[in-house]
Amino acid sequence: MDYVRLGGDSDLIVSKVCMGTMTYGIQNTLEEGVALLDKSFDDYGINFLDTAEIYPIPPNAETQGDTDRCVCEFLKKRNRSDVILATKVAGRQPMLKYLPRGENSNPEEGADLTRQQILDSVDESLKRLGTDYIDLLQLHWPGRSTGGLFGASDFSPSEYEAQFRKHAPVALKEQLSALKELIDSGKVRYFGVSNETPYGICAMAALSDHFPELYPKCVSIQNSYSLVVRKDYEAGCAEACYHHDVSLLPYSPLAGGTLSGKYRKDLPDDSTARLTKFPGYMARYLESENEAAVNAYCELAERYNLTPTQFALSWCYHNELVASTIIGATTMEQLEENIKAYDLHLDEIDVEDGIMLDEISKIYKRYTDPTKAKNDPPKK
């Protein structure tokens, strides 16, 4: 396993593969989750894990926090300094009225990135996780209307203005000030963002660059990034992150599991596969042009005796834009396949017309943004 420093000059040196945990507590029992974490840390050299206050996913009031409780059991057996622990505070979402908050927060407002909610969220996360500090606290999604979130359409001025009239977003200065409080108190070491845009990255960087004594530097961004979800990050975020030393931590590198190829065949109704088990969840990966793109990538992988999972993860692992890739595994077999892909380098595989990366580029030109392109209706 290789390791990388986040944010250019932070003290966070993390493995190039990060353990995602959002299935722990809903698809995996506590015992299974701990076993997967033990295996990844003890046998594969991983030192980095990611959770969130709303986990497991899909989120609901009954299971909220169960993932953190699983991570807590894992941490009990570890030297805390050997684990880089990342978690997330929920962004603006009126439906999330059940998240635990202190007496100074109004639960009827739902989740938001106010100073008080950020402080309360961290205190509750620390209790669940059984630790006194978080290495990397991430803002799970922006508190403003950005467009493009979780496969939605791109930014719309009218949608932003409608949201602003209904509920003005919390100022970035307030969010960063709360994060500074947490860092100064020792409860948080560094902060990052998630599902963020070039505007958000640059606006935060401007504040921290000009007023470093008031606002901390953002060291990471956790956005969706995979063979089929590239355009949003590469078209703007990549340049902004490069110049501001913000490290990319891709989530969903298998595009909801579709790039593993398992949804190309009919699955039984009682399948444990996420998109079958939770109908409507991540529907963008099944109800769009994504199916054709996935087929093209899977066929390319199989042509050279690679599993689709190995192919998709290797592309992400060794991408120059990526710091550490967040993987998810519900079984030991999945975990092993995910880790084995790290030893595969697609740029070293020759194909008929050149190198594998050239073949990937050809498919990308055909299917540039397939999770946002609805299938055309059948022609008569």
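The average projected area of the stretch 136-263, computed from the convex hull of its Cα atoms over all directions, is 8.9 nm². Show the residues, 5+ positions off or on another chain, whose built amide H is closer than 5 Å to the amide H of Ile84. Amide H neighbours of Ile84: Phe48, Leu49. The residue list Ile84, Val170, Cys70 was ranked by how far each Cα lies along the charge dipole of the chain toward its positive end, using unit charges on Cβ atoms, and Val170 comes out on top. Just checking the listed ones, Ser324, Ser158, Ser105: in the Gaussian network model of the chain with Cα springs under 10 Å, the one fluctuating most is Ser158.
How long are the semi-axes of the equivalent ellipsoid of the stretch 138-199, taking √(5λ) for every eigenvalue λ of the Cα gyration tensor, in whole Å from largest down?
Working: eigenvalues 136, 39, 10 Å².
Value: 26, 14, 7 Å, ordered largest first.
Computed from phi, the 3J(HN,Hα) profile of the stretch 251-258 under the Karplus parametrisation 6.51, -1.76, 1.60 (θ = phi - 60°) reads 10, 6, x, 9, 6, x, x, 5 Hz, with x in place of Gly and Pro.
Between helix 290-303 and the chain there is an angle of about 60 degrees, using the helix long axis and the longest principal axis of the Cα atoms. For the stretch 1-154, the fraction of C-alpha pairs more than 27 angstrom apart is 25%. Note that the stretch 14-23 has calculated 3J(HN,Hα) couplings of 10, 5, 5, 10, 10, 7, x, 10, 5, 8 Hz, one per residue in order, obtained from phi through the Karplus relation 6.51 cos²θ - 1.76 cosθ + 1.60 (θ = phi - 60°); glycine and proline are x. Quick one: helix 172-185 against the long Cα principal axis of the chain, what's the angle to the nearest 10°, folded into 0 to 90? Rounded to the nearest ten degrees, it is 80. So if the hydrodynamic radius of the stretch 1-73 is defined as the Kirkwood radius over C-alpha pairs, what does Stokes-Einstein give as its diffusion coefficient at 37 °C and 0.692 mPa s, in µm² per second? Diffusion coefficient, whole number: 254 µm²/s.
Close amide H partners of Gln138, meaning residues 5 or more places away or on another chain with modelled amide H under 5 Å apart, are Thr87, Lys88, Val89, Gly192. Beta bridges from DSSP with both residues in the chain: antiparallel share about 20 percent, rounded to the nearest 5.
Once the Cα atoms are used to define both axes, helix 198-210 deviates from the longest principal axis of the chain by about 40 degrees. Computed over the chain with a Gaussian network model linking Cα atoms closer than 10 Å, the most mobile of Ser125, Ser40, Ser81 is Ser81. How fast does the chain diffuse by Stokes-Einstein, in µm²/s, taking the Kirkwood radius from C-alpha pairs at 10 °C and 1.306 mPa s? So the translational diffusion coefficient is about 74 µm²/s.
Scanning residues 5 or more positions from Ser224 or on other chains, those with amide H under 5 Å from its amide H are Asn195, Tyr251, with H placed 1.01 Å from N in the peptide plane. Put simply, when 246-252, 199-205 are sorted by average Cβ atoms within 10 angstrom per residue, most first, you get 246-252, 199-205. When each of the peptides 215-226, 174-185, 128-139 is scored by the mean number of other C-beta atoms lying within 10 Å of its residues, the order from highest to lowest reads 215-226, 128-139, 174-185.
Would you calculate a helix-derived [θ] at 222 nm for the chain, using -39,500 (n - 2.57) for each DSSP H run of n ≥ 4 and dividing by the full residue count, to the nearest 500?
The helix contribution divided over the chain gives -10500 deg cm²/dmol.
Among Leu357, Leu126, Leu344, which one shows the biggest mean-square fluctuation in a GNM of the chain, springs joining Cα atoms closer than 10 Å? Among Leu357, Leu126, Leu344, the largest GNM mean-square fluctuation belongs to Leu357. Think of each Lys and Arg Cβ as +1 and each Asp and Glu Cβ as -1; about the Cα centre, that makes the dipole of the chain roughly 900 debye.
Using Cα pairs under 8 angstrom and six or more residues apart, how large is the relative contact order of the chain, in percent?
Working: 680 pairs, mean separation 60.2, N = 380.
Result for the chain is 16 percent.
Any read-out appearing in this document is the output of simple, stated calculations on the displayed coordinates, not a laboratory observation. None of these values were measured; they are calculated from a predicted model. All Cβ positions, even for glycine, are placed from backbone atoms using ideal geometry, and neighbour counts span all protein chains on display.
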